[in-house]
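*Asks:* Have a look at the structure that comes next, please.
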Amino acid sequence: MQYVPTGTILSLQIGTPEVRGDSDAENPMNRQWETAMFKTPIDRAVYLDKSGIEGDQQADLNNHGGPAKAVCVYPEEHYSHWREVLEVELTLGAFGENFTTRGLMESEACIGDIYEVGTATIQVSQPRSPCWKLARRWECPDLAVKFEETGYTGWYMRVLDPGEVQAGQQLQLVERPHPEWTIDRTTNVRFQMPDDKKLAGELAKIPPLYDGWADKLRHRAETGEQIYSENRIYGPNQGTK
């Protein structure tokens with residue numbers, strides 16, 4: 001079977017942890033924090049292995065990075081919306097993503113999708129769970145909530161076969177084992193349908209889904225309790241809601 005949906009890497013970014021802000025700032029949004037969200041575009045080929053892109057690092061290894069989150073992908077198509085919301089000019093990579101893409105959206109990408117790009121093979125593992133660092137980056141206290149509500153989250157990918165990748169290359173879909181579980185639908189079940197135990201249980205059983213998501217969904221299916229962390233959404237920005 002030949003699959004049609006593909007996307008193109010418009011821009012490829014990497015970054016390293018740095019300290020920003022002022023530890024004495026009165027406004028929590030301006031206080032000191034460590035982040036690798038301020039990434040730099042790379043116009044050459046870089047090596048992509050199972051831990052991520054060569055030269056890319058994370059500040060918080062408990063919540064970011066790792067094999068299931070080796071690459072963060074965000075569609076360029078959403079940028080016009082966020083320019084209006086934030087009322088600022090945004091350059092590609094503005095949300096800390098590694099691949100800024102065109103032609104592949106949350107309504108098309110599915111959990112478990114396998115793509116070839118450059119000489120690497122990568123697989124969709126989970127939607128992005130937006131966190132307080134997006135809010136701090138753009139000084140918009142509820143930005144993570146807005147990402148969830150719009151469904152403009154982007155997603156993460158694991159690396160099945162390492163290789164070299166570069167901006168301008170196309171992501172060619174080669175396998176789609178779970179076409180019913182788009183990123184859109186997966187995000188809706190997790191964040192917008194907290195009372196649906198049945199769908200939570202079905203989604204938790206999808207093998208390519210990242211274990212962290214599967215565990216939370218399985219817990220809901222078994223107990224009816226939604227695990228939702230305000231700390232992830234607001235973190236040290238508490239008080240600016």
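The values are calculated or read from the model by the stated rules, or taken from the named source; none is laboratory data. This structure is a prediction, so every number in the text was calculated from the model and none was measured. All Cβ positions, glycine included, derive from the backbone under ideal geometry; neighbour counts span all protein chains shown. The area values use the complete protein model at the heavy-atom level, side chains included, leaving out ligands, DNA and RNA. Shrake-Rupley method; radii C 1.70, N 1.55, O 1.52, S 1.80 Å.
*Asks:* Mean separation of Cα pairs under 8 Å and 6+ residues apart, divided by the residue count of the chain: what relative contact order is that in percent?
*Replies:* 25 percent
*Asks:* Simple spin-label model, 7 Å along Cα-to-Cβ: THR40 to MET193 in nm?
*Replies:* 4.4 nm
*Asks:* Once both labels are modelled 7 Å past Cα along the beta-carbon direction, what's the ASP215-LEU90 spacing in nm?
*Replies:* In this crude label model, ASP215 to LEU90 measures out at 3.1 nm.
*Asks:* Can I ask one more? Charges only on Cβ, +1 for Lys and Arg, -1 for Asp and Glu: so what's the dipole of the chain about the Cα centre, in debye to the nearest 20?
*Replies:* Roughly 380 debye, rounded to the nearest 20.
*Asks:* Would you grab the residues whose amide H sits under 5 Å from the one on LEU160? Only those 5+ places off in sequence or on another chain, please, with H modelled 1.01 Å from N.
*Replies:* For LEU160, the qualifying residues are THR121, ILE122, GLN123.
*Asks:* Taking the Cα centre of the stretch 1-125 as the origin, how large is its charge dipole in debye, to the nearest 20, when only Lys and Arg (+1) and Asp and Glu (-1) carry charge on their Cβ atoms?
*Replies:* That gives a dipole near 320 debye.
*Asks:* Take the Cβ-Cβ distance between GLU54 and SER23 as r, set R0 to 41 Å, and report the resulting FRET efficiency rounded to the nearest 0.05.
*Replies:* About 0.80, to the nearest 0.05.
*Asks:* Enumerate by residue number the GluC sites (Glu not before Pro) in the stretch 181-241 meeting two conditions: DSSP loop (anything except H, G, I, E, B), and at most 15 other Cβ atoms within 10 Å of the site's Cβ.
*Replies:* Loop-located and lightly packed - GLU225.
*Asks:* Could you calculate the FRET efficiency of HIS81 with GLU222 from 1/(1 + (r/R0)^6), where r is the beta carbon distance between them and R0 is 45 Å, rounded to 0.05?
*Replies:* E(calc), rounded to 0.05, equals 0.80.
*Asks:* Rounded to the nearest 500 deg cm²/dmol, what is the calculated helix-only ellipticity per residue at 222 nm for the chain, with -39500 (n - 2.57) per DSSP H run of length n ≥ 4?
*Replies:* -6000 deg cm²/dmol
*Asks:* Just check the chain against the gyration tensor rule for me: Cα atoms, a ≥ b ≥ c as the square roots of the eigenvalues, rounded for a/c under 1.5, and otherwise prolate or oblate depending on whether a/b exceeds b/c.
*Replies:* oblate
*Asks:* Sorted by accessible area (1.4 Å probe), largest first, how do ASP49, ASP22 line up?
*Replies:* Per-residue accessible area, sorted high to low, gives ASP22, ASP49.
*Asks:* Within the chain, how many Lys pairs that are eight or more residues apart, or on different chains, come under 27 Å at the alpha-carbon?
*Replies:* The number of close lysine pairs in the chain is 27.
*Asks:* Nearest 0.05, what FRET efficiency do GLU175 and ARG102 give at R0 = 22 Å with Cβ-Cβ as r?
*Replies:* The computed FRET efficiency comes out at 0.50.
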